[in-house]
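To keep things clear, I will list the structure first and then write my remarks on it.
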Amino acid sequence: MEFTARQHQWVFPRPAVVMGILNVTPDSFSDGGCYLDPERAVARGEELVAEGAEVIDIGGESTRPGAAPVDEAEELRRVIPVVRALAAKTRALISVDTRKAGVARAALEAGAGLINDIEAHRTDPELWKAVAAAGAGYVLMHMQGTPGTMQVNPQYRDVVGEVAAFFEERMRCLEHSGVQREQVLLDPGIGFGKTLEHNLALLRGLRVLSSAGRPILLGVSRKSFIGRLFGAEPDQRTGASVACALWAADAGVGVFRVHDVAQTVQALRMREILNHQTKTR
Ligand code: HH2
């Protein structure tokens, strides 16, 4: 199964891809306030690549439940200098976590190759056009509701079936807008309009989603459902986050969006060695 994002091409099955998280925000739930200074953000991006990240996901607007929306000018100011610098300095695929077509377009001009759209473009048809024109990659993520209200009372009859149906419907719309299947990664959106039980059901049902013919990207890293299970603060959730990554790799997930890059890469490579998927020398 092929995935293309501008000059980047992956053919699955292949060693798991790790996407390092770089939030240039004051309020992200785990790294908020750490990388608002562009120089520190670029240094952190280079560190993520040195730790084994093949993708860096740069976000200028927190999407944690109840986060304040950010206007376009401010999001551009936070994100674009970091995209431009990292695109020039590293060979990693640069991803931008945005819901705004204007930010996506500017990021693609500055050297980004992947647009990570947590809203699956429900509000702004221009975003898909920008992705299609650039031949960029696109993360199609499932969310029920909006970040402001999504955790109020999420409801599903069959969360795995409903997420799978959403992917099918959105893939058809994407193809109408000129985005090819090969450009798309699917993401069940752990924590986006889901209770603890919904998140666990999705993790248990990953095999169903990964049989839909597109690579799956999973973002579980340090999320609050792990805090609810173990009572741990975000920086104390690495063990469960890595366990979920290994579980998901067994279910066919190919791309992992994580804060703890070094630990996740090491765990995934160890699993691949044991499965004879990676040579030891
Ligand atoms: N999770 C977050 C943000 N963006 N994108 C995708 N595709 N999948 C995810 O699971 C996902 C995402 C939330 O995590 P984080 O960026 O660490 O926090 P915040 O939204 O507070 O910036």
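In table form, for the structure just shown:
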| item | result |
| --- | --- |
| Span from the segment 234-267 Cα centroid across to the segment 193-224 one, whole angstrom | 13 Å |
| Peptides 119-130, 268-279 ordered by average Cβ neighbours within 10 Å, highest first | 119-130, 268-279 |
| Environment charge of Ala112, counting only residues whose C-beta is closer than 11 Å and scoring Lys/Arg +1, Asp/Glu -1 | 0 |
| Cα shape, segment 73-129, gyration tensor, a/c 1.5 rule | prolate |
| Relative packing of 19-30, 140-151, which averages over residues the other C-beta atoms within 10 Å, highest first | 19-30, 140-151 |
| Most to least packed among 99-106, 229-236, 32-39 [average Cβ atoms within 10 Å] | 99-106, 32-39, 229-236 |
| Within straight-line cross-link reach of Lys100, lysines at Cα separation under 21 Å, skipping those fewer than 8 residues along the same chain | Lys129 |
| Relative contact order of segment 15-274, defined on C-alpha pairs under 8 angstrom at six or more residues apart (%) | 19 percent |
| Using a Förster distance of 35 Å, the FRET efficiency for Val208-Asp235 (Cβ separation, nearest 0.05) | 0.60 |
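We did not get these values from a lab; they are worked out from the coordinates using the rules stated. Quantities reported herein were computed from a predicted structural model and do not represent experimental measurements. Don't worry about glycine lacking a Cβ; one is built from the backbone with ideal geometry, like all the others, and counts go over all protein chains shown.
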